[in-house]
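Below: one structure, written as structure tokens.
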Amino acid sequence: MDNITFNIWEEKDKLGIAEKVSGLAQIIMQTDESMVCSLNAPFGIGKSFFCSGLQAYLQERGICCIYYNVWEVDFYQNPLTPLLCEITEKIEKQYNTDNTKKEIFKNLKFFGKAIVSSIKIEIGLPDIGKVSIDGEKGLKRIEKAQKAEQQQDICNQYRQYRQNVKEFKECLSKIATYNHPLVIIVDELDRCRPDYAIEVLETIKHLFDIPGIVFVLSIDDAQLQNSVKQLYGPLNYNEYMRKFVNYSFALPQPDNEKYAAYLCEKYNLTEVLSRFSQIKLCSLKGSQNISKFIQISFAAYSLLFNFSLRAQNQVMQRLILFLKSLEPKQNVYPELAVFLACVREYSKDLYKELKNNQWKGDTLHYIRSFIGTDKLFNTDKFDKLIKQISTTYYYDYGKYREYNSCDVFMQALSPCNYNAPNELQSIAQEMELYNMENHPQHYFNKMDFIDSFFASESDSTVAAE
């Protein structure tokens, strides 16, 4: 993870979580005991971004903070080895100029290596096939002697292992004292294969339960629970996790607009749009930044369809693929692309109805009737968002009416009355939507192609998880 200042990180904070990052950091900085804290949130909500901010905040205040993406090394047989390497690589430089600390660091590496090398104690008899023995009784006596010797050897190995662990913990405890505390962030634990994820938890519990050592585990609780159940079957997951985790911090679900801004930056929407020479917006408020305009559209429709964070992430992926599939030379209508990506993510049936021009009147009113929006729907917030991306039609003496931009695109699916066009048809004409190369039907066809990348997804309605 890049070493950046907290101020730079805060400038990138589209989710508005800086206060939560600093709050958790303050708790960690006041911790003298051993602590394991889980940072729980679904995929795509910004756990890794939160961790980078936490690392930046702590490091600026002199706290040694080690970031460890465990998913990148879950092919490694023993999770202790890469974890030790991450710790030693981080603190080695700052100990090179202090002889006392250098000796502690040297001992830490030695005992860590000794623990790793003795994790597996091989059990088995030596090869006696070539020993010449006269009589069955003699063979049994030698076998008995060999077993006794090996048993003694195993016990010695075990005693040495326990001593190594004791010395290792003492070294780590001194290092934690120097760092006040030593913080280790373990990211992507829930993405590891089930057996490896549990091994990591066990390693932390048995070898790092040391005053002054703080672990922050970035997890999706639902995914990790599945991993535990795969290994152990039905059990009380919460009780099981209490063996490992002292505190669980749930990252709150962000505001729709903030999350839309975060996703636009995450998937480099501005860069994707920079390929196009002609970007057209229905709204006469088109002087706004194009990316900002798309963020508002995305937030509005995510609210309309009550998308979960996971579904919003999926919609953005669908939108990015759609834009990348277009020719840079052709006109681009990002409002229609966002609208269709959201509709298709929500329901294949609704998407087909709109594609076949089976809607009646106000498109958004029709969609809300299709959804059956519940009483918890935030109508005021939705209306404010939609108003920002509405299409304004001016007529006599400066009077005007506002339409939803999706109505303009849906209107263009039907033939235009060129002799006496209605207001929506006039706007569609101005947008050149009746031209063959710009016709909205092409966008439906292109979205059908993009749908091939999401063939494994359910075609049923996608609501909040």
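How far apart, in nm, are the 7 Å Cα→Cβ label points at Glu33 and Tyr397?
Roughly 7.7 nm, to one decimal.
Of Lys355/Lys384; Lys12/Lys329; Lys47/Lys205; Lys387/Lys446; Lys90/Lys169; Lys280/Lys348, which sit over 25 Å apart, Cα to Cα? Walk me through the numbers before you get to the answer.
Values: Lys355/Lys384 27 Å; Lys12/Lys329 32 Å; Lys47/Lys205 22 Å; Lys387/Lys446 28 Å; Lys90/Lys169 18 Å; Lys280/Lys348 27 Å.
Check vs 25 Å cut-off fails for Lys355/Lys384; Lys12/Lys329; Lys387/Lys446; Lys280/Lys348.
What does the charge count around Ser325 come to, taking other residues whose C-beta lies under 13 Å from its C-beta (Lys +1, Arg +1, Asp -1, Glu -1)? Walk me through the numbers before you get to the answer.
Values: positive: Arg275, Arg318, Lys324, Lys446; negative: Glu327, Asp448, Asp451.
Surrounding charge for Ser325 is +1.
Need the full-extension length gain, Lys266 to Gln230, defined as separation in residues times 0.36 nm minus the C-alpha distance. One decimal, nm. Present the calculation step by step, with values, prior to reporting the outcome.
Working: separation 36, 0.36 × 36 = 12.96 nm, distance 3.20 nm.
Residue separation times 0.36 nm, minus the Cα-Cα distance, leaves 9.8 nm.
What ratio of Cα Rg to 2.2 N^0.38 Å holds for segment 243-313? Working shown, then result.
Details: Rg = 16.1 Å, N = 71, 2.2 N^0.38 = 11.1 Å.
Taking N as the residue count of segment 243-313, the ratio is 1.45.
Taking the Cα centre of segment 197-328 as origin and charging only Cβ (+1 Lys, Arg; -1 Asp, Glu), how large is the dipole, in debye to the nearest 20? Walk me through the numbers before you get to the answer.
Values: 13 positive and 11 negative charges, 100 e Å.
Magnitude of the dipole: close to 480 debye.
Hey, got a sec? Which trypsin sites (Lys or Arg not before Pro) in segment 371-431 land in a DSSP loop and have at most 12 other Cβ atoms within 10 Å?
Details: sites: Lys375, Lys381, Lys384, Lys387, Lys399, Arg401; in loops: Lys375, Lys399.
Qualifying residues, ordered by number: Lys375, Lys399.
Report the gain in length on full extension from Val73 to Glu92: 0.36 nm times residue separation, minus Cα-Cα distance, nm rounded to one decimal.
Details: separation 19, 0.36 × 19 = 6.84 nm, distance 2.11 nm.
Between Val73 and Glu92, full extension yields 4.7 nm more.
Write down the radius of gyration of segment 1-68 and its Dmax, each obtained from C-alpha positions, in Å.
11.7, 33
Considering amide H positions built from the backbone, and no H for Pro or chain starts, which residues 5 or more places from Ile185, or on another chain, come under 5 Å of its amide H?
Those lying under 5 Å, H to H, from Ile185 are Ile66, Tyr67, Tyr68, Val216.
In whole Å, what are the Cα extents of segment 231-378 along the three principal axes, biggest one first?
Between the extreme Cα coordinates on each principal axis of segment 231-378 lie 58, 36, 29 Å.
Net charge near Asn438: determine it from the other residues with C-beta under 11 Å of the C-beta of Asn438, scoring Lys and Arg +1 and Asp and Glu -1. Intermediate results must be reported in sequence, preceding the final value.
Details: positive: Lys280; negative: Glu432, Glu437.
Within the 11 Å Cβ shell, the charges total -1.
For labels at Cys85 and Arg310 in the simple 7 Å Cα→Cβ model, what's the distance in nm?
3.2 nm
How do 232-239, 293-300 rank on mean C-beta neighbours within 10 Å, highest first?
Numbers: 232-239: 10.0, 293-300: 25.6.
Output ranking for 232-239, 293-300: 293-300, 232-239.
Please compute the modelled spin-label separation between Ser173 and Asp209, points set 7 Å along Cα→Cβ, answer in nm with one decimal.
Using points 7 Å along Cα→Cβ, the separation is 1.4 nm.
As a test of the definition: which semi-axes, in Å, follow for segment 211-278 when you take the square root of five times each eigenvalue of its alpha carbon gyration tensor? Largest first, please. Don't jump to the answer; show the numbers that get you there.
Details: eigenvalues 294, 54, 27 Å².
Equivalent ellipsoid semi-axes, largest first: 38, 16, 12 Å.
Between Gln330 and Phe43, 0.36 nm times their residue separation minus their Cα-Cα distance comes to what? Can you show the working numbers first?
Numbers: separation 287, 0.36 × 287 = 103.32 nm, distance 3.47 nm.
Extra length from Gln330 to Phe43 when fully extended: 99.9 nm.
Could you provide, to the nearest whole Å², the per residue accessible area of segment 222-329 with probe 1.4 Å?
Details: 5090 Å² over 108 residues.
So segment 222-329 comes to 47 Å² accessible per residue, rounded to a whole number.
By average Cβ neighbour count within 10 Å, what is the ranking of 392-398, 67-73 from highest down?
Working: 392-398: 9.9, 67-73: 18.9.
Averaged packing, sorted descending, gives the order 67-73, 392-398.
What ³J(HN,Hα) values, in whole Hz, does the Karplus curve 6.51 cos²θ - 1.76 cosθ + 1.60 give for segment 438-453 when θ = phi - 60°, with x put for Gly and Pro?
Taking θ as phi minus 60°, the curve returns 10, 4, x, 4, 5, 5, 4, 4, 5, 5, 4, 5, 5, 4, 4, 6 Hz for segment 438-453.
The values are calculated or read from the model by the stated rules, or taken from the named source; none is laboratory data. Every value quoted in this text rests on a predicted model; they were computed, and no experiment measured them. Neighbour counts run over all protein chains shown; Cβ positions are idealised from the backbone, glycine included. Protein only, heavy atoms only, side chains kept; ligands, DNA and RNA dropped before computing areas. Shrake-Rupley method; radii C 1.70, N 1.55, O 1.52, S 1.80 Å.
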